[in-house]
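FYI, it's all coordinate maths here, none of it is from the lab. Small disclaimer: the values here were computed from a predicted structure and weren't measured. Glycine also receives a Cβ, built like all others from the backbone with ideal geometry; neighbour counts cover every protein chain displayed.
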Amino acid sequence: MAAPKFIAGLDWIAVDWGTSALRVWAMGSDGANLARAFSSRGMSNLTPDGYEPALLELVGGWLPTRIENPVPVLVCGMAGARQGWREAGYRAVPCLPVDEAGLAAVETRDRRIAVRIVPGLRQESPPDVMRGEETQLAGLIAGGIEDGVVCLPGTHGKWVRIEAGRVAGFTTAMTGELFAAIGAHTLLRHSIAAEGMDKAAFAEAVSAMLANPARLTVDLFGIRAAGLLHGLGAVAARSRLSGLLIGAELAAIGGLWSSREVHIVGAGPLAEAYGEALAAHGARAFRHDAGMVTLAGLARVRRMSGAGP
């Protein structure tokens, strides 16, 4: 990676720190994105004392050698987890997705930066938590979506109700983690491809689960049997596994999305799969780029602090 260059006009730094990746943006006082950088140094391969060096590896060159006032660094995501850089805690819903008063300050050795971490959200009944998604929700709301249903697919996907610009409630599904675990650690690992999508097989599996979600564990074994007896291909098997799990998720919360607009935050095949499944069953799905709404959410926090456009 090339050494980052000093950036004149740097006003603050936006940071999205996930489990497996770190993304940073250099921001100007007019809201312009002056530079961006990425590394694979996510929470899963860092100890608490490794966060500052990992951050400075990406942004250190953006900073002047000497500085009178430290550059604000606003961080969302897993850096605020209990096992992260510093625990940022959770704010209780219903609430605004982000609040400048709830930020957790981090003491740094490098005095050129002033780091604060956005806290997550918690729901008491039924119990649930989120961390990182609250900033994406803030970005959607800043973009004018103040009421509606939001789907954030992923390892632990979120379904969120937004009412009058506030997070009213949310539900988490372990669909992504289950897909990875089943594909890697059960007998289905012998049946499914590493990548690819058979849209017909996916759609059929989604419909099967919406019609009868109680058959999930039975239909999962059916993937293996169909491969042995009927020659079900590896890509079709992978697509069927995805469709069964996503379909079971949709069946569990059908009252939230049925015949409604759903805003999907994400990109690539996973977001596309959710969009197609929802559209095929009566919802109106709209997709939003995760990076853009994250940055918009962090900019919202910056504005709350009385700075920025």
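For residue 115, the residues 5 or more places off, or on other chains, whose built amide H falls under 5 Å of its own are 73, 106. Mean separation of Cα pairs under 8 Å and 6 or more residues apart, divided by the residue count, gives the chain a relative contact order of 16 percent. Computed from the Cβ-Cβ distance with R0 of 30 Å, the FRET efficiency linking residue 124 to residue 45 stands at 0.40. Counting beta carbons within 10 Å around each of 191, 259, 207 and listing the fewest first gives the order 259, 207, 191. Gain on full extension, evaluated as 0.36 nm per residue between residue 100 and residue 166 minus their Cα-Cα distance, stands at 22.3 nm.
Okay, helix-only estimate at 222 nm for the chain: each DSSP H run of n ≥ 4 adds -39500 (n - 2.57), divide by all residues, round to 500 deg cm²/dmol; what do you get? Only helices count here, giving -11000 deg cm²/dmol.
Based on the Cβ-Cβ distance from residue 19 to residue 284, what FRET efficiency comes out when R0 is 30 Å, to the nearest 0.05?
With R0 = 30 Å, the Cβ-Cβ based efficiency is 0.45.
Residue exposure proxy: 303, 238, ordered by other Cβ atoms within 10 angstrom of their Cβ from fewest to most, comes out as 303, 238. Here each label is just a point 7 Å from Cα along the line to Cβ, and for residue 174 and residue 110 those points are 3.7 nm apart. Shown for 202, 179, 221: other C-beta atoms within 10 Å of each C-beta, ranked fewest to most, produce the order 221, 179, 202. Contact order, relative form, for the range 75-217: 17 percent (alpha carbon pairs under 8 Å, 6 or more residues apart, mean separation divided by residue count).
In percent, rounded to a whole number, the relative contact order of the range 173-290 is 27, using alpha-carbon pairs under 8 Å and six or more apart. The DSSP beta bridges internal to the range 61-135 are antiparallel in roughly 45% of cases. Sequence-ordered 3J(HN,Hα) estimates for the range 54-60 from the Karplus curve with 6.51, -1.76 and 1.60 and θ = phi - 60° stand at 5, 5, 5, 4, 8, 10, x Hz, glycine and proline given as x. Taking mean projected area of the Cα convex hull in nm² as calculated from this structure, the corresponding entry among (i) 14.8; (ii) 19.3; (iii) 16.8 is (iii). Note on residue 216/residue 68: beta-carbon distance plugged into 1/(1 + (r/R0)^6) with R0 of 41 Å gives a FRET efficiency of 0.10.
Extension gain, residue 228-residue 184: 0.36 nm per intervening residue step, less the Cα-Cα distance, totals 14.0 nm.
Peptides 79-86, 94-101, 242-249, 182-189 ordered by packing proxy, namely the average of other Cβ atoms within 10 Å per residue, highest first: 242-249, 79-86, 94-101, 182-189. Between the range 126-148 and the range 189-259, the C-alpha centres lie 29 angstrom from each other.
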